[in-house]
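Trainee: Here's a structure for you.
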Amino acid sequence: MTNVYPIILTRYSDGYLVSIPDFDINTEGSDLAEAIFMARDAIGLMSIQYQDMGKPLPEAFSRSFSLGENDTQTLVDVDLDEYRRKHDNKMVKKNCTIPYYLNVEAERRGLNFSRVLQEALLEKIGN
């Protein structure tokens, strides 16, 4: 799922201040590329937090804002599914039960149970 949000870039002597009105957050970057990267990262982090708390994500342009003399408005897109895959990699312990004979054979072959389960789950969900 890709979302697009407006950001406001304010140029300063040593970089850019980035305001993200829909999430009511700010970040910064030393140059324009870093400022946009940091905006995308901040939106991704906040989106994961919202989703994990069961809160709906804000709609684009859900908050009004005005531009100052040194401000530039632009849009930033964030693929939230891809962002979560790349940045939310904390491991979760799962307990599963398998038949004894499968356990014996898998151990004999030196299979990594966690890796096999991850690969099977990725195949099942189509990634």
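Trainee: Can we say THR97 is in a loop (DSSP other than H, G, I, E, B) and modelled with pLDDT of 90 or more?
Mentor: yes
Trainee: For residues that are assigned to a strand (DSSP E or B) and among the hydrophobic types (A, V, I, L, M, F, W, C), scanning just the stretch 5-57, find the one that is surrounded by the fewest Cβ atoms within 10 Å (Cβ to Cβ).
Mentor: ILE25
Trainee: Go over the candidates GLU34, GLU82, GLU59 one by one and state the one that is acidic (Asp, Glu) and touching a residue at least 24 places away in the same chain (Cβ under 8 Å).
Mentor: GLU59
Yes or no, residue by residue, for (1) among the basic types (Lys, Arg); (2) farther than 25 Å from GLN51 by Cβ; (3) surrounded by 10 or more Cβ atoms within 10 Å (Cβ to Cβ):
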{"residue": "ARG84", "(1), (2), (3)": "yes, no, yes"}
{"residue": "MET91", "(1), (2), (3)": "no, no, no"}
{"residue": "LYS94", "(1), (2), (3)": "yes, no, no"}
{"residue": "ALA106", "(1), (2), (3)": "no, yes, yes"}
{"residue": "GLY110", "(1), (2), (3)": "no, yes, no"}
{"residue": "GLU123", "(1), (2), (3)": "no, no, no"}
{"residue": "GLY126", "(1), (2), (3)": "no, no, no"}
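The values are calculated or read from the model by the stated rules, or taken from the named source; none is laboratory data. Everything quoted here is computed from the prediction, not taken from an experiment. Cβ: placed from backbone, ideal geometry, glycine included. Neighbour counts: every protein chain shown.
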